[in-house]
Structures are given as structure tokens and as C-alpha cells.
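> I have a structure I would like to understand better, so I am pasting it below and will then ask my questions one at a time.
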Amino acid sequence: MSKLKIQNISLKFGSKQVLNDISFEVKPNSIVALIGPSGCGKSTLLRCINRMHDHNDNATIKGSIILDGENIYDKKQDVNNIRQRIGMVFQKPNPFPKSIAHNIEFGLKINGLKDKKKIRKKIKKSLEDAFLWDEVKDKLSESALSLSGGQQQRLCIARCIAISPEVILMDEPTSALDPIATQNIEKLIVKLKKEYTIIIVTHNMQQAQRISDKIAMLYLGDLIEFSDTKHFFKHPKHELAKQYVSGEFG
């Protein structure tokens, strides 16, 4: 059974073709790493998965993305509901310039939760799930901007999971972090797989090997290989994949 099916997704910005007929399936509670050289369409594809291109009048998307049997591009779909079900964590930490607690409760209130006791429980649980509670429990009223970069990214992940998405998209979530913070985020991502389905864009080959179950390699808008992570790195099929894994380009 698949949690998410990418079916024949093509995308143009104006007359420029950016994605070409991309198809693959993502199983529940697994991690798929999108890899490939810069400009190959990884982040563009990621943004298709929670309809972030809707605001771009220049974007034309064809194909379908099936979440639990429903096409998220069906005209009947509520985009806000889709973005609640498919959360997003960006490359650079982007906490709101407000308190740590407000960063978590903001999304909860937008989604209709008003019970203060339940909100407090949600704040605690999401911060615990993001391995951050012990570090911030005594300063929830302080600015989120006072946290380190790694802490800010974990706060953004906590903010994402607080509203209980089904899928989490991550666009190079550790590229702006130091090695120790990166290690913490990777441990967190692997832990989150028990409850969520995750798709991550990464340029870090070692990171993809460490945390992902499947690799989807893109090149110039084409999906050139989709396979188990171990198999991909040991026996890449496509010649471009072999060159990329060996460091000949990228």
C-alpha cells in the first residue's frame, strides 16, 4: 500500500519545462530522499506535493498526486486541508519572531483548537517529539530567535508536527547547520518515520545513505532512477546515477 503516489507529474514555468512526467510511489512510514545536481527539479517537485505552486500564475502542472487514494489536485480539494495533511520544513530555519510557545500554538489555533489545556499538552508533546523540550521547557515565553540554528530548525519541525500531518516534506533541512546540529536533525528524522511519511531533498550523499529507505534521483527534470537506498549506492543502474554516486559530477 502506498501513502503517496506521484503520477506523471510535469511542470512548466511559462514555456520552460522543469519536470518531465515524474512517477513514483512512497510507502507509509518511509523516507524517500530526492537527490541530483543543483537545478534538476528536486525542490520544484517537493513544492508540487503540497501545492505550493498554486500561487504562481506562471506555473502549469499536469498529472496527479494521490494521498490516501485522493488526488490532491482535484478541484474539490481544500488547499488549506492539503497543507495541514502535508507539512513542510524549509532549508533555513524560519521560526516566527515570537515566543517559542507561540510558534507551536499558532498552527493549532488556526486549525480550530481553543482549549488551553490541550494546547499546552500539544506544545509539550511536539517539542518532546522534536527532541527540544528539555532545552526550552523553562523559556517557552522567550523569543524563538534566541535559539541556536539547530534548535530553531527543530522548533520548525515541532511546529510542523504539532498539527499532525500525514506527510512531512523537508527541503535540505540541515544545509545551514553545523555537523552536530545536522546529526541531531538526522536522528530526529529517523525517529519521526515511525509516525510520518517523509520526503527529503538533500545534496548530501552520506545523509541520503544514512536516513532514507528509497532514493529518487532527478536530472534535468527527469526521474532517472528510483530504487532502494542500499541498492542505489551499490548498484546504480543509470549511467548518470553511477557518475553522480562516484562524484564525477554534481
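The values are calculated or read from the model by the stated rules, or taken from the named source; none is laboratory data. These numbers were taken from a predicted model, which means no experiment stands behind them. FYI the Cβ positions are ideal-geometry reconstructions off the backbone, even for glycines, and counts take in every protein chain you see.
> Being more than 19 Å from Val167 (Cβ to Cβ) and buried (at least 16 other Cβ atoms within 10 Å of the Cβ) is the filter here; which residues of the range 76-95 pass it?
Selection gives Pro93, Pro95.
> Now, a different point. Restricting to the range 11-34, name every residue that is assigned to a strand (DSSP E or B) and touching a Lys or Arg at 6+ places or on another chain (Cβ under 7 Å).
Val18, Glu25, Val26, Ile31, Val32, Leu34
> Same structure, new question: Applying the selection to the range 1-42, what residues are in contact (Cβ under 8 Å) with a residue 24 or more places away in the chain and among the acidic types (Asp, Glu)?
Asp21
> Go through the range 204-222 residue by residue and tally those that are surrounded by fewer than 17 Cβ atoms within 10 Å (Cβ to Cβ) and closer than 10 Å to Leu34 by Cα.
Adding up the residues that qualify gives 0.
> Additional query: Test Ile180 against the criterion of being touching a strand residue (DSSP E or B) at 6+ places or on another chain (Cβ under 9 Å) and part of a helix (DSSP H, G or I), and give yes or no.
no
> Right, here's the next one. Tell me, please, whether a residue that is closer than 18 Å to Ser43 by Cα, in a helix (DSSP H, G or I) and under 18 Å from the mean Cα position of the chain (by Cα) can be found in the range 228-241.
No, because not a single residue in the range 228-241 is closer than 18 Å to Ser43 by Cα, in a helix (DSSP H, G or I) and under 18 Å from the mean Cα position of the chain (by Cα).
> Can you tell me which of (1) under 21 Å from the mean Cα position of the chain (by Cα); (2) more than 17 Å from Ala181 (Cα to Cα); (3) not in a helix (DSSP H, G or I) is the one Leu140 doesn't meet?
(1)
> Would it be correct to say that Ala158 is in contact with a helix residue (DSSP H, G or I) (Cβ under 7 Å, 6 or more places away or on another chain), in a helix (DSSP H, G or I) and surrounded by fewer than 23 Cβ atoms within 10 Å (Cβ to Cβ)?
No, not satisfied.
Residue by residue, here is whether (1) closer than 19 Å to Thr197 by Cα; (2) modelled with pLDDT of 95 or more; (3) surrounded by 15 or more Cβ atoms within 10 Å (Cβ to Cβ) holds:
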site	(1), (2), (3)
Lys42	yes, yes, yes
Cys48	yes, yes, yes
His55	no, no, no
Ile72	yes, yes, yes
Ile123	no, yes, yes
Leu132	no, yes, yes
Glu142	no, yes, no
Ser146	no, yes, no
